[in-house]
1. Tell me which trypsin sites (Lys or Arg not before Pro) from the stretch 432-519 have a DSSP coil assignment and no more than 12 other beta carbons within 10 Å of their own.
2. Need one value: the accessible area of L539 in square angstrom, 1.4 angstrom probe, rounded to the nearest 10.
3. If you rank Y474, Y251 by how much accessible surface each has, with a 1.4 Å probe, what is the order from largest down?
4. Pop out the ³J(HN,Hα) list for the stretch 100-111 in order, Karplus 6.51 cos²θ - 1.76 cosθ + 1.60 with θ = phi - 60°, rounded to Hz; leave Gly and Pro as x.
5. Please give the peptides 308-314, 402-408 ranked by average Cβ packing (other Cβ atoms within 10 Å per residue), highest first, as a rough proxy for protection.
6. Ignoring everything but the protein chains, give the 1.4 Å probe accessible area of V357 in square angstrom, nearest 10.
7. Could you rank L199, L442 by how accessible they are, 1.4 Å probe, largest area first?
8. Would you mind checking which residues have amide H under 5 Å from S220's amide H? H placed 1.01 Å from N; only 5 or more apart, or other chain.
Amino acid sequence: MESSCLRLHRFPRRPLLPTPSTTAPNHLRPHSHPLTLKHHAFPATITPSGHLPSLRLRRPPLSPISPKSSDMDDGGIPTDSDLAPTPPSQRTFSAWDMASLWVGLVVGVPSYYLAGSLVDLGMAWWQGVATVVLANFIVLVPLVLTAVPGTKYGIPFPVLARSAFGVRGAHVPTLLRALVGCGWYGIETWIGGEAVFLLLPPSLKASSSAPSQVPWLGTSALEFSCFMAFWLAQMGIVWRGMDGIRELEKYSAPILIVLTSSLLCWAYVKAGGFGRMLSLSSSRLSSAEFWSIFFPSLTANISFWATLAVNIPDFTRYARSQKDQILGQAGLPLFMGIFTFVGLAVTSSTEAIFGRVISDPIHLLGRIGGFSTTLVAILGISLATITTNIAANVVAPANALVNLSPTMLTFRRGALLTALLGIAFQPWRLLSSSESFVYTWLLGYSALMGPIGGIILADYYLVKGTNLEVSALYSKNPRGPYYYCKGFNIAAMVALSAGILPIIPGFLHKVGILSHTSEAFVIAYNNAWFVSFFLSGILYWLLCQLGSRRDARHTETLIPTSE
């Protein structure tokens, strides 16, 4: 018996070609020679016997997002774009380079602030360190998993996001990530500006006009000028692109390690040993109070690196191998644990040394010694701030903006726009208090980063099976596998919304817009990253499974099989 059927590889919903017969109209009757029909650009041949043989439908060439034929390789992949796959010759990041990146990211004022805030909330020093280390072990898992496709295919985060969200829908997660990055860029730059302010002559800072605030600005003109000076200094490094960033991180890591160790040794000597330093930080919480603080604190610490856990392919696309990126990132919990301990120990020691707790490392460094000591210390703070800020808060927003308009924006232009938006965030207001920094800023944006990470991981590992068509990721062809519905994957958009919506009432309650809300929404907000990550990831996978089954049933009804 002879079997005759259509073998549809990607488009199962296309109507079948009519089978010719002797009773069919003249224009469908078999001819004495093969007749080639074209149906939606797919050629089919009807033989003189009137049978429709097995056909392989060939997808037409995929048109690129940036239609410059001279800038494409043989596979239709752009070669001149900042978002193009990294060629093997540029994949030079070793495990040490990746580890240096994380040292530069970890050693910074925000990490120091985060550690001290846990003690301010009533935790003992060891409880604070344990919370930070546990949070970083948890975030390390999605961090490494998301890094894998970046290393495997050499693609950045905006391109990877097209697989799950669609070639146009990818703008949604990348711009959300860019928005958070711009806010962080402003915060870090303001911290660096404070270091510049501390170096100014005391006579200038004490002048009658210097301390006065500009009402519409919310800060003094002198402090804002220092902020802008640091802003310009960073742009000089950013303008060199990824090569400049890598060199900065690589050579800064040893300097930052030495400076951090020196600060700890100074506190040890001045306070008279660790016993006196750490005894000043004992738990002030009952068991019930501890657990009520622990979970939102854990979520806040996860949120601290949830941004990098989303766009880590922007860096691992330059890694030499999966082994290099995994080994380089495996030290994150250790680095954060050590620096958290240093921050807590030094902060606690200030009460014994100065008679009061000084939680701000910039103000502390300003009181340690003479001008030369202060100069070295503040330069160290500036270096730590720049290494964290450029790597964590410039690369992702810049790439997101390039993805928005590849023909108009380059990495440099995207970085410049990111820096300008960082000013618009008015970071001096975001840092008005420790509580607003941890429980409003960190917890609030985790509701955006959690669902994006959950959807991307579910798509790559569960739906796509770790296999991507790289050329199709750069295509705007409506028949491409990542075009979905007008460039948007509805399943991803629904899952993203479902992960964010349950967090909104708790956020509005936290900032004072809602006076009362359900306890369930408060709990959801305190665990925003966990709730949004798993809710969006699982829902996306279920929607994809339902869609696959529906397509399979539709295909069975359209494709007859005769024997």
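1. Passing both the DSSP loop test and the Cβ count: K486.
2. About 50 Å², ignoring ligands and nucleic acids.
3. Listed by decreasing accessible area, they come as Y251, Y474.
4. Working through the residues one at a time gives 4, 4, 6, 4, x, 6, 6, 6, x, 5, x, 5 Hz.
5. Going from most to least packed, we get 308-314, 402-408.
6. 70 Å²
7. Result, largest first: L199, L442.
8. Excluding prolines and chain starts, which carry no amide H, the hits are V214.
The values are calculated or read from the model by the stated rules, or taken from the named source; none is laboratory data. Computed from a predicted model, the values in this text were never measured in an experiment. Neighbour counts are summed over all protein chains in view; Cβ atoms, including those assigned to glycine, are modelled from backbone coordinates with ideal geometry. Please note that ligands, DNA and RNA were not included when accessible areas were found on the heavy atoms of the full protein model with its side chains. Shrake-Rupley method; radii C 1.70, N 1.55, O 1.52, S 1.80 Å.
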